[in-house]
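Before any comments, here is the structure.
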Amino acid sequence: MPIAQKPDRGMVHTNPMECKGCGLCVEACPPHGLSLSPHLNRYGFHTAVYSGHGCTGCGICFFVCPEPGGIQVLRTAA
Ligand code: SF4
Ligand code: SF4
């Protein structure tokens, strides 16, 4: 019998216009759901991108991000 997967408890939106590609959120995310894009944004930064699954909604990426508006965490309803 397949193991039922729990739904993600959070969703993350990164903002390629505000992210400076410092990588702090990438290092801090416990389930390793973030990475830096191989592409440059218009300001020449490799910005953070979310894999699209596995977010727990912990908010750590939000709290470590030094750029206001760089990353947004939405928690799903319990
Ligand atoms: S909220 Fe937590 S689990 Fe979700 S992307 Fe940010 S650090 Fe990772
Ligand atoms: S911590 Fe903020 S500025 Fe740094 S890579 Fe992540 S979203 Fe971008």
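Take the residues in the stretch 25-68 that are among the polar types (S, T, N, Q) and surrounded by 15 or more Cβ atoms within 10 Å (Cβ to Cβ); name whichever of them is nearest to ligand 1 (Cβ to nearest atom).
Per the criteria, the residue is T56.
Take the stretch 5-21 and flag every residue that is out of contact with any Asp or Glu (no Cβ under 8 Å at 6 or more places or on another chain), free of Cβ contacts under 8 Å to residues at least 60 places away in the same chain and among the hydrophobic types (A, V, I, L, M, F, W, C). M17, the sole residue that qualifies. Taking the stretch 23-78 as the range and being over 21 Å from D8 (Cα atoms) and of a type in the set (S, T, N, Q) as the test, the residues that pass are S37, N41, T47. When you check V64 against the structure, is it in contact with a Leu (Cβ under 8 Å, 6 or more places away or on another chain) and within 12 Å of ligand 2 (Cβ to nearest atom), yes or no? Judged against the criteria, V64 is a match.
Here C22 clears all of (1) surrounded by fewer than 16 Cβ atoms within 10 Å (Cβ to Cβ); (2) within 9 Å of ligand 2 (Cβ to nearest atom) except the condition numbered (1). Checked against the criteria, T56 does not count as part of a strand (DSSP E or B) and either modelled with pLDDT of 95 or more or among the aromatic types (F, W, Y) (or both).
The values are calculated or read from the model by the stated rules, or taken from the named source; none is laboratory data. Keep in mind that this is a model prediction, so the values were computed, not measured. Neighbour counts are summed over all protein chains in view; Cβ atoms, including those assigned to glycine, are modelled from backbone coordinates with ideal geometry.
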